[in-house]
Every structure is written in C-alpha cells, then in structure tokens.
Protein chains: 2
Amino acid sequence: MKITAQEEYGLRCLLQVAKADGSITISEICRNEGISSANVAKMMSLLRKGGFVKSNRGQVGGYELARKPSEIAIGEVLAFLGGRLFDPGFCSSHSGIEEECAHNSDCSVRSVWLRVQFAVDQALGRISVEDLLRGTEQELIRLQPSRIPSEGIANR
Amino acid sequence: MKITAQEEYGLRCLLQVAKADGSITISEICRNEGISSANVAKMMSLLRKGGFVKSNRGQVGGYELARKPSEIAIGEVLAFLGGRLFDPGFCSSHSGIEEECAHNSDCSVRSVWLRVQFAVDQALGRISVEDLLRGTEQELIRLQPSRIPSEGIANR
DNA sequence: GAGAATCTTGACGTTTAGGTCAAGATTGGC
DNA sequence: GCCAATCTTGACCTAAACGTCAAGATTCTC
C-alpha cells in the first residue's frame, strides 16, 4: 500500500489554489511547492477534469477552486487522483492465471481489505479542503474524529 | 492508494501455508490459488526472507509457518510485502525538484497521511493469521480481533 | 493586429512494479 | 550413485506509473 505521487502532488497543488487569493498560475504553484512546472501543469489538468478547479487562459489566466473549500472533501479528491484502495474490480483483477478468483464466494483476505477501506473512509470522511486551510499540522492531527498518537496505539 | 499485487498474492500464499496440515508445496498453492507457480515461488521466497515461513528442499520439501498463526500479525506481513503507507522517507522522496520538501516544518498534507496511516494501523494492528483461519468472510468483517502479544503493532 | 502570458494536449523517455523463465542446488527414494 | 521432486536465484520481458517536452490554443494588453 503506497500513497501515489499523483495523490501527494495533486493534493498539494489543490491546496495552493485554495490558499490563493483569487487565482493562481502554474508558475506560482511551481515556485511555492518546488514541483516542476510541467508536472504542476499535468496535476492541474487532472484536477480540472475532476471538477475541483476551474481554469482561465490568457494573460491574466490561472486557476481557482470550482467549489467552496468547505464543499471539497479530501476523500473525494484522493479517490479521484489515486483510486480507491479496494475498488469493485479488485477481485477480478487479481484472479491470477484463472478466469475468476479462486475465492469468489468467501474470502478472508477480502475481509481484510474491506476493513482497511472502511478505516480509511472513516479517517478521511469528514475532512474538507477548508479544514486543511485553517490550522497548523499539529492542530489538524488533533482534529476529530480520530486521534493520532505521537507513538504507539492509543486506547480510547 | 492501491493494494499491491504482492500484498494480495503474498497474503493469500501465506494463508495457504497456514491452512495446510503439515507442509505445502509451491505446486499445491498454485493449484489452490490459481496463481502461476513461478509467481507463487517468488511470493514464497519473499515470505521466507520476511521470516514468516520456513522452507524445506528435496523430494518431501515444502513450506510451513515459521511461527504460530496467533503470533503472525497481518499488519506486519503487509508492511513487509508492500511497505507502509506513510513511511519515514516519504517526505524526502516527494520534494519535487528541490532538495527538501517545501513544507518541512509544517504540512497540512502530512497530517492527512498520518491520519490515514493511523486508521490503517488501527484496522490491522490486532488481526493475526489465526483470526483469518477461523470464520467466514462475514464473520471476519464483524470480528473484534483477538489481541496479538505485544509484537509487530506499534510503529512510530 | 502583434506580442506576451497563460493554459492544453499528446507524444515521448525513464523508472518501478509485476510476472516469467531457465539453470542451479538440495534432499529423499530406490 | 542416480533420479525425481522440490526449493533458489538471477536474468529477463512487459505493463504501469512518473515525469518531461514541444507544439498548439486562448486571452489580455498595447
């Protein structure tokens, strides 16, 4: 399980747009994030196709959010940029050399993925772009619903 | 975020070993799981290097668990097969075209990854191979996992 | 209308994950 | 000792993710 580059850089570019006063250009995002402008361009093109930002061409062009920050869920953005962990086609794309997966009817591994997917959905479900705009990292980590401990596993 | 093939197939192979009465060969796992024998061989080699199974060569060879099923944490297996979602080198490997990530001191995106990592750890931390051996998928999904004796759980 | 600043697109090269293959090493049975 | 069954290893091929590039389209300013 890995976080993809598209998720990381895409989310960072989106936050740059959210932070911007008015609109922001590719080269400004490039400077602020230290990502090559070609790569920023690719991310922005994706984010536009996902309906998260609007673009304007021309000399005073740039990008702005397509919706209010409070109405953009981080979970939705990540699902668009990197797909879901356990998506509907997962089992059929892991059938090995057979037509269908050997465990179609009952699968203990699938139960693991379902639990993980549920946990991730819970963790991301209520966070919006607005939430990430306010507050420092430390404040965000303490944000409801889940607590993130500095070390080990917390018991509630 | 995607579940890697190595995680899926590796876990399935490990469960085959756990299910087996005594030891099991590559070709048996291949038949049971519908995975090519070359690929099973690769997975088993990995699992052996990870210390989860022991191998025996020769005419009556095969694989068996290296530890008791109750002492093998699924989270540990998955971390070995696919790495952690947010590992210690994550930020430095996503610094774009700069030496260091532009957000080293305070990063709202990092807070997202920490939350997700914590949620996954919570969901997996206490499930063992033994848990997956008993029970159907439906039962496992509802499972309140049994505790794994103090190993393989807490990572930073 | 010309030129500058910007976004847009598709093609391309590189790196990593995924999977196969063949040759080798080890062990048990005869 | 020889053969068969098994695991082991490194090389190799393919597919997907990642990143770059160049040419084009659009819009503003003058």
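Every number in this text was worked out from the coordinates using simple rules, so none of it is lab data. Because the structure is a prediction, the values reported are computed rather than measured. Cβ placement follows ideal geometry from the backbone for every residue including glycine, while neighbour counts extend to all protein chains displayed.
Peptide A:82-93 has a mean shielding of 2, counted as Cβ atoms of other protein chains within 10 Å of each residue's Cβ.
Among B:Val77, B:Val120, a tally of other beta-carbon atoms within 10 Å of each Cβ gives an order, fewest to most, of B:Val77, B:Val120. In summary, the lysines within cross-link reach of A:Lys42, defined as a Cα separation below 17 angstrom excluding same-chain residues under 8 places away, comprise A:Lys54.
Shape index of region B:5-65: Rg/Rh, with Rg the Cα radius of gyration and Rh the Kirkwood radius from the inverse mean 1/r over Cα pairs, equals 0.91. In the protein assembly as shown, the C-alpha radius of gyration followed by the widest Cα-Cα span (Dmax) gives 21.8, 75 angstrom. Counting only alpha carbon atoms, the long axis of helix A:5-19 and the longest principal axis of chain A meet at about 40°. Ranking of A:Ser111, A:Ser105, B:Ser55 by neighbouring Cβ atoms within 10 Å, starting from the fewest: A:Ser105, B:Ser55, A:Ser111. Between 0 and 90 degrees, the angle of helix B:37-49 with respect to the longest Cα principal axis of chain B falls at about 70 degrees.
The Cβ shell under 14 Å around B:Ala102 holds other residues with a net charge of -4, Lys and Arg each +1, Asp and Glu each -1.
Net charge around A:Arg12, counting only other residues with Cβ within less than 15 Å of its Cβ (Lys, Arg = +1; Asp, Glu = -1)?
On the way: positive: A:Lys19, A:Arg31, A:Lys42, B:Arg110; negative: A:Glu7, A:Glu8, A:Glu28, A:Glu33, A:Glu137, B:Glu98, B:Glu100, B:Asp106.
Neighbour charge sum, excluding A:Arg12 itself: -4.
Taking the label point 7 Å along Cα→Cβ, B:Ile141 and its counterparts in the other copies are spaced 3.4 nm apart, in ascending order. Of all aspartates and glutamates in the structure, those lying under 19 Å Cα to Cα from A:Lys49, and not within fewer than 8 positions of it along the same chain, are A:Glu7, A:Glu8, A:Glu64, A:Glu71, A:Glu76. Annotation: amide H of B:Ile72 within the under-5 Å range of B:Val129, B:Glu130, sequence separation 5 or more or interchain, hydrogens built in the peptide plane.
For B:Glu139, what is the net charge nearby, where nearby means another residue's Cβ is under 15 Å from its Cβ and Lys, Arg count +1, Asp, Glu -1?
On the way: positive: A:Arg110, A:Arg115, B:Arg134, B:Arg142; negative: A:Asp106, B:Glu130, B:Asp131, B:Glu137.
After counting each charged neighbour, the total is 0.
For the pair B:Asn56 and B:Glu71, the difference between a 0.36 nm per residue extended length and the Cα-Cα distance amounts to 3.3 nm. Per residue of B:54-64, other chain Cβ atoms within 10 Å of the residue Cβ number 0 on average. Across region A:1-140, the relative contact order, built from alpha-carbon pairs under 8 Å that are at least six residues apart, equals 26 percent.
Helical runs (DSSP H, four residues minimum) scored at -39500 (n - 2.57) apiece and divided by the length of chain B put the mean residue ellipticity at 222 nm at -14000 deg cm²/dmol.
Among B:Thr25, B:Thr4, the ranking by other beta carbons within 10 Å of each residue's beta carbon, starting with the fewest, stands as B:Thr4, B:Thr25. Per the Debye calculation on chain B with a single equal scatterer at every Cα and no solvent contribution, log₁₀ I(q)/I(0) for q = 0.08, 0.15, 0.19 Å⁻¹ amounts to -0.29, -0.86, -1.18.
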